[in-house]
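First comes the structure, then the notes that go with it.
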Amino acid sequence: MPDSHPPPALRSVCVYCGSSETTRSEYLDLATRFGRELAQRRIRLVYGGGAVGLMGRCARAAHEAGGDVLGVMPRFLERREIVYEAVPHRMVDTMHERKFIMFEESEAFVVLPGGIGTLEEAVETLSWARLGLHRKPVVFLSEDDFWSPFFHLIQHTVEAQLTPASFMDSVVNVHSIEACFAALEARTTTA
Ligand code: AMP
């Protein structure tokens with residue numbers, strides 16, 4: 001494993017991302033590069049356990065680059081999302097258990113492009129932050145501003161005084177892998 005990076009401040013990051021195989025190749029490629037970068041930085045990847053879509057690309061890249069990976073898979077999704085057997089995984093009974101273990105095992109969250117499932121996981125994590133249940137950083141990463149409509153929606157709720165403006169400090173939208181790690185490290189050390 002490359003040792004060009006010092007021991008990480010951050011040891012374990014949860015990645016939420018899409019399970020689609022037919023999305024843009026740029027998104028699948030971003031997931032691959034992000035997984036590889038986690039391994040190179042010796043940060044464990046915690047993810048949904050599947051072998052498909054961005055999830056599968058990220059896990060395979062991290063594993064093949066020598067990184068630690070933990071997958072968390074609900075039994076009823078085992079066929080649809082195809083467990084990536086090459087890495088350790090925990091089998092659970094419900095989506096709630098999956099999310100809770102992913103949450104407990106991680107110090108920070110990165111949200112790559114994804115669909116309804118990704119949004120659900122990200123929004124629940126943000127809602128737990130809003131309720132004061134955690135201060136773990138949540139960073140949205142895309143290279144084409146994929147998440148900008150979502151950020152506009154949160155801002156819309158801020159403007160209507162339904163979400164406090166200070167909440168925007170706890171959620172970050174970045175456009176490169178380097179910016180993502182910079183945001184994670186800055187926030188992890190102050191959380
Ligand atoms: P998607 O972005 O729709 O491709 O979904 C990404 C991942 O989120 C998939 O592994 C889904 O199984 C997962 N997912 C969807 N809904 C939930 C949920 N309520 N709790 C945990 N994971 C979920």
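The values are calculated or read from the model by the stated rules, or taken from the named source; none is laboratory data. This is a predicted model, so every value here is computed, not measured. Quick reminder, even Gly has a Cβ in these numbers, built from the backbone with ideal geometry, and neighbours come from all protein chains shown. Note: accessible area is taken over every heavy atom of the protein model, side chains too, but ligands, DNA and RNA are not part of it. Shrake-Rupley method; radii C 1.70, N 1.55, O 1.52, S 1.80 Å.
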Size of charge dipole - segment 12-190 - debye, nearest 20, with Cβ of Lys, Arg +1 and Asp, Glu -1, no other charges: 320
Built amide H within the under 5 Å cut-off of G49, gap 5+: V72
Calculated from backbone phi, Karplus (6.51, -1.76, 1.60) coupling profile of segment 113-129 in Hz, x at Gly/Pro: x, x, x, 4, x, 5, 4, 4, 5, 5, 5, 5, 5, 5, 5, 5, 5
Per-residue [θ]222 nm for the chain (sum of -39500 (n - 2.57) over DSSP H runs n ≥ 4, rounded to 500): -13500 deg cm²/dmol
Residues with amide H under 5 Å from that of S12, placed H, sequence gap 5 or more: R44, E107
Among E37, E105, E178, residue whose mean-square fluctuation peaks in a GNM of the chain (springs only between Cα atoms under 10 Å): E178
Most to least accessible of K99, K136 (protein chains only, probe 1.4 Å): K136, K99
Computed Kirkwood radius, in angstrom, where 1/r is averaged over Cα pairs of segment 1-134: 14.7
Solvent-accessible area per residue, Å², over the chain with all protein chains present [probe radius 1.4 Å]: 49
In order through segment 32-43: 3J(HN,Hα) via Karplus (6.51 cos²θ - 1.76 cosθ + 1.60), integer Hz, x for Gly, Pro: 4, 5, 5, x, 4, 5, 4, 4, 5, 8, 6, 10
Under-5 Å amide H pairs with G114, H placed in peptide plane, nonlocal only: G18
Candidates L45, L119, L133: whichever shows maximal mean-square fluctuation once the chain is modelled as a Gaussian network with Cα springs under 10 Å: L133
Antiparallel bridge percentage (DSSP; both residues within segment 12-190; nearest 5): 5
Residue among E97, E26, E159 with the largest mean-square fluctuation in a Gaussian network model of the chain, springs linking Cα atoms under 10 Å: E159
Electrostatic dipole magnitude of segment 10-76 [Cβ: Lys, Arg +1; Asp, Glu -1; Cα centre; debye, to 20]: 220
The chain: relative contact order in percent, alpha carbon pairs under 8 Å with at least 6 residues between: 21
Backbone HN-Hα couplings from phi across segment 99-106 [Karplus 6.51/-1.76/1.60, Hz, Gly and Pro as x]: 5, 5, 5, 4, 5, 5, 7, 10
